[in-house]
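Working notes, beginning with the structure itself.
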Amino acid sequence: MSVSLSSAAPPPYRLSVAPMMDRTDRHFRYVLRQITRRTLLYSEMVTARAVLHGDVERLLGFSAIEGPLVLQLGGDRPAELAAAARLGAALGYDEINLNVGCPSERVQQGRFGACLMAEPALVAECVAALRGAVGVPVTVKHRIGISGHEGYDALTRFVATVAEAGCARFDVHARLALLDGLSPKANRTVPPLRYDVVYQLKRDFPRLCIVLNGGLRTLAEAQSQLAHVDGAMIGRAAYDDPYLLARADRLFFAGTDPVPTRRAVIEALLPYVAALEQSGQPGTRVTRHLLGLLTGRPGARRWRTALSASDGATATERLRALLLALPAAVLDET
């Protein structure tokens, strides 16, 4: 099966961190950029309507260090998506990604997310509008199927239709989305992983860039997928243990920079946290994303307890104190 494409595929980022609501905000992305400079990062999903009627800087603002960075939009109205994408591209996002994978009931009520897999023609119309509005790549993140559209034929119809509109990269969560009776959390764990379906999709659409998402917990697991697909996407594992990405630039992008230590990560974050607090914002907006930085290492419990304490100390003060209190062998290991 082949699909004619009117544009080249976007850069083949071999590793990315999945968009995650309440997690991949600008502060977490800043944290990750102290650990990996080349892994592709995504924003949280933001609806096109929110962008058009809300505070654009609050919703879309980011630091230059966060790139390469993808803006993930949700919506089902081509004109609204196009207008929101223009704002994102003007701010400097490297790509626009359309969410066709979120299974939450609230998202379904808004008629976007995973339920749009039942309407490939509409998704294609949205992609065409996005591509007509911006000069950066437009990609789609979706499931291998949804309730009532579980078969492989439905998946290939969806991908073929959307690819004809000019989408050249598909981020594929290798689980069905069961839209009735399962919470978003359960939809991330209960439907079985079907990597074989994603592999077959790549074989059937060799000209498309196919990225596998779902269940990957380590860099080794992500690397193993590259024998079958073009890229791998890590989700909650990267949030629970962000330091697992410390060797990502070397393993996936032939980077030669030294692997950062945890001490170097924390010291690099201190000016950022201090500036945030000086502007009147709580430093906990950053440190809440750091709870997993010492996962599995001596001192991890002390680290989490100290960062979560309500003793009147600022986040900057807590980080400085922990640099002195934690084992040097942990802080300086790579």
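Please indicate, with yes or no, whether at least one residue in the range 46-65 is assigned by TED's automatic domain parsing to the domain that holds PRO191, under 17 Å from the mean Cα position of the chain (by Cα), at pLDDT 95 or above and closer than 22 Å to ALA222 by Cβ.
Among the residues of the range 46-65, not one is assigned by TED's automatic domain parsing to the domain that holds PRO191, under 17 Å from the mean Cα position of the chain (by Cα), at pLDDT 95 or above and closer than 22 Å to ALA222 by Cβ, which makes the answer no.
Could you tell me which residue of the range 191-206 is surrounded by the fewest Cβ atoms within 10 Å (Cβ to Cβ), considering only residues that are in contact (Cβ under 8 Å) with a residue 40 or more places away in the chain and not basic (Lys, Arg)? Steps first, please.
Restricting attention to the range 191-206, the residues satisfying the condition of being in contact (Cβ under 8 Å) with a residue 40 or more places away in the chain are 194, 197-198, 200-201, 204-206.
Among the residues that remain, those that are also not basic (Lys, Arg) are: 197-198, 200-201, 204-206.
On the way: VAL197: 17, VAL198: 23, GLN200: 16, LEU201: 22, ASP204: 17, PHE205: 18, PRO206: 10.
Applying the filter and picking the extreme gives PRO206.
For the range 207-229, indicate whether the set of residues that are surrounded by fewer than 21 Cβ atoms within 10 Å (Cβ to Cβ), among the charged types (D, E, K, R) and in contact with a Ser or Thr (Cβ under 7 Å, 6 or more places away or on another chain) is non-empty.
Checked against the condition, which is being surrounded by fewer than 21 Cβ atoms within 10 Å (Cβ to Cβ), among the charged types (D, E, K, R) and in contact with a Ser or Thr (Cβ under 7 Å, 6 or more places away or on another chain), the range 207-229 yields at least one hit.
For the range 272-283, check the following and say yes or no: at least one residue is of a type in the set (S, T, N, Q), outside any helix (DSSP H, G or I) and either assigned by TED's automatic domain parsing to the domain that holds PHE28 or more than 22 Å from the chain's Cα centre (by Cα) (or both). Step through it out loud before you land on a result.
Taking the range 272-283 as the starting set, the residues that turn out to be of a type in the set (S, T, N, Q) are 278-279, 281.
Checking which are outside any helix (DSSP H, G or I) leaves us with 279, 281.
From what is left, the residues that are either assigned by TED's automatic domain parsing to the domain that holds PHE28 or more than 22 Å from the chain's Cα centre (by Cα) (or both) are 279, 281.
Taking every residue of the range 272-283 in turn, at least one turns out to be of a type in the set (S, T, N, Q), outside any helix (DSSP H, G or I) and either assigned by TED's automatic domain parsing to the domain that holds PHE28 or more than 22 Å from the chain's Cα centre (by Cα) (or both).
Got a sec? Which of GLY101, GLY74, GLY88 is under 27 Å from ARG38 (Cβ atoms) and either in contact with a Phe, Trp or Tyr (Cβ under 9 Å, 6 or more places away or on another chain) or polar (S, T, N, Q) (or both)?
Working: GLY101 fails: either in contact with a Phe, Trp or Tyr (Cβ under 9 Å, 6 or more places away or on another chain) or polar (S, T, N, Q) (or both); GLY88 fails: either in contact with a Phe, Trp or Tyr (Cβ under 9 Å, 6 or more places away or on another chain) or polar (S, T, N, Q) (or both).
Going through GLY101, GLY74, GLY88 in turn, the sole match is GLY74.
Can you tell me which of (1) over 19 Å from ASN99 (Cα atoms); (2) touching a residue at least 60 places away in the same chain (Cβ under 8 Å); (3) not in a loop (DSSP other than H, G, I, E, B) is the one VAL211 doesn't meet?
(1)
State the number of residues belonging to the range 128-158 that are part of a helix (DSSP H, G or I) and either of a type in the set (Phe, Trp, Tyr) or within 24 Å of GLY88 (Cβ to Cβ) (or both). I'd like the intermediate steps shown before the answer.
Let us first name the residues in the range 128-158 that are part of a helix (DSSP H, G or I), namely 128-133, 152-158.
After this cut, where a residue has to be either of a type in the set (Phe, Trp, Tyr) or within 24 Å of GLY88 (Cβ to Cβ) (or both) as well, the list is 128-133, 152, 158.
The qualifying residues number 8.
Does GLY88 satisfy the criteria of being surrounded by fewer than 19 Cβ atoms within 10 Å (Cβ to Cβ) and either farther than 28 Å from THR189 by Cα or not assigned by TED's automatic domain parsing to the domain that holds ALA222 (or both)?
For GLY88, the condition - surrounded by fewer than 19 Cβ atoms within 10 Å (Cβ to Cβ) and either farther than 28 Å from THR189 by Cα or not assigned by TED's automatic domain parsing to the domain that holds ALA222 (or both) - is not met.
So which of SER279, SER310 is exposed (fewer than 13 other Cβ atoms within 10 Å of the Cβ), at pLDDT 95 or above and among the hydroxyl-bearing types (Ser, Thr, Tyr)? If you could, list the steps in order and put the result at the bottom.
Numbers: SER310 fails: at pLDDT 95 or above.
Result of the check over SER279, SER310: SER279.
Taking the range 299-334 only, how many residues are of a type in the set (Gly, Ala, Ser), under 16 Å from GLU277 (Cα atoms) and either not assigned by TED's automatic domain parsing to the domain that holds HIS289 or not in a helix (DSSP H, G or I) (or both)? First the steps, then the outcome.
Here is the first cut: in the range 299-334, the residues of a type in the set (Gly, Ala, Ser) are 299-300, 306, 308-310, 312-313, 315, 321, 325, 328-329.
Remaining after also requiring under 16 Å from GLU277 (Cα atoms): 310, 312-313, 315.
The next check asks that each one be either not assigned by TED's automatic domain parsing to the domain that holds HIS289 or not in a helix (DSSP H, G or I) (or both); those that pass are 310, 312-313.
Matching residues across the range 299-334 total 3.
Name the residue that is surrounded by the fewest Cβ atoms within 10 Å (Cβ to Cβ), counting only residues in the range 234-276 that are in contact with an Asp or Glu (Cβ under 6 Å, 6 or more places away or on another chain) and at pLDDT 95 or above. Don't jump to the end; show me each part of the working.
The first filter runs over the range 234-276 and keeps only residues in contact with an Asp or Glu (Cβ under 6 Å, 6 or more places away or on another chain), leaving 255, 261, 263.
In the following step, the residues that additionally are at pLDDT 95 or above were identified as 261, 263.
Numbers: THR261: 17, ARG263: 15.
The selected residue is ARG263.
Taking the criterion of being in contact with a strand residue (DSSP E or B) (Cβ under 6 Å, 6 or more places away or on another chain) and not assigned by TED's automatic domain parsing to the domain that holds ARG143, would at least one residue in the range 193-205 satisfy it?
no
For the range 237-258, which positions are in contact with a helix residue (DSSP H, G or I) (Cβ under 9 Å, 6 or more places away or on another chain), hydrophobic (A, V, I, L, M, F, W, C) and part of a loop (DSSP other than H, G, I, E, B)? Show your work before the answer.
Step one: list which residues in the range 237-258 are in contact with a helix residue (DSSP H, G or I) (Cβ under 9 Å, 6 or more places away or on another chain), which gives 237-239, 242-248, 251-252, 255-258.
From the residues that got through so far, the ones that are hydrophobic (A, V, I, L, M, F, W, C) too are 237-238, 244-246, 248, 251-252.
Once the filter is applied, which keeps residues that are in contact with a helix residue (DSSP H, G or I) (Cβ under 9 Å, 6 or more places away or on another chain), hydrophobic (A, V, I, L, M, F, W, C) and part of a loop (DSSP other than H, G, I, E, B), the range 237-258 yields only ALA246.
Kindly list, by first and then second residue, each pair from a residue in the range 239-258 that is within 12 Å of GLN223 (Cα to Cα) to a residue that is of a type in the set (S, T, N, Q) and part of a helix (DSSP H, G or I), limited to pairs with Cβ atoms under 9 Å and residues at least 6 apart or on different chains.
LEU251/GLN223; PHE252/GLN223
Pairs needed: first member in the range 152-181, at positive phi; second member anywhere, surrounded by fewer than 24 Cβ atoms within 10 Å (Cβ to Cβ) and not β-branched (Val, Ile, Thr); C-beta distance under 8 Å; at least 6 residues apart or different chains.
GLY166/LEU5; GLY166/SER6; GLY166/SER7; GLY166/ALA128; GLY166/ARG131
Can you find a residue in the range 160-173 that is surrounded by fewer than 17 Cβ atoms within 10 Å (Cβ to Cβ) and not in a loop (DSSP other than H, G, I, E, B)? Step through it out loud before you land on a result.
Residues of the range 160-173 that are surrounded by fewer than 17 Cβ atoms within 10 Å (Cβ to Cβ), as a first pass: 164.
The next check asks that each one be not in a loop (DSSP other than H, G, I, E, B); those that pass are 164.
Yes; the residues of the range 160-173 include at least one that is surrounded by fewer than 17 Cβ atoms within 10 Å (Cβ to Cβ) and not in a loop (DSSP other than H, G, I, E, B).
The values are calculated or read from the model by the stated rules, or taken from the named source; none is laboratory data. Predicted, not measured: the structure shown is a model, and the values here were computed from it. Neighbour counts are summed over all protein chains in view; Cβ atoms, including those assigned to glycine, are modelled from backbone coordinates with ideal geometry.
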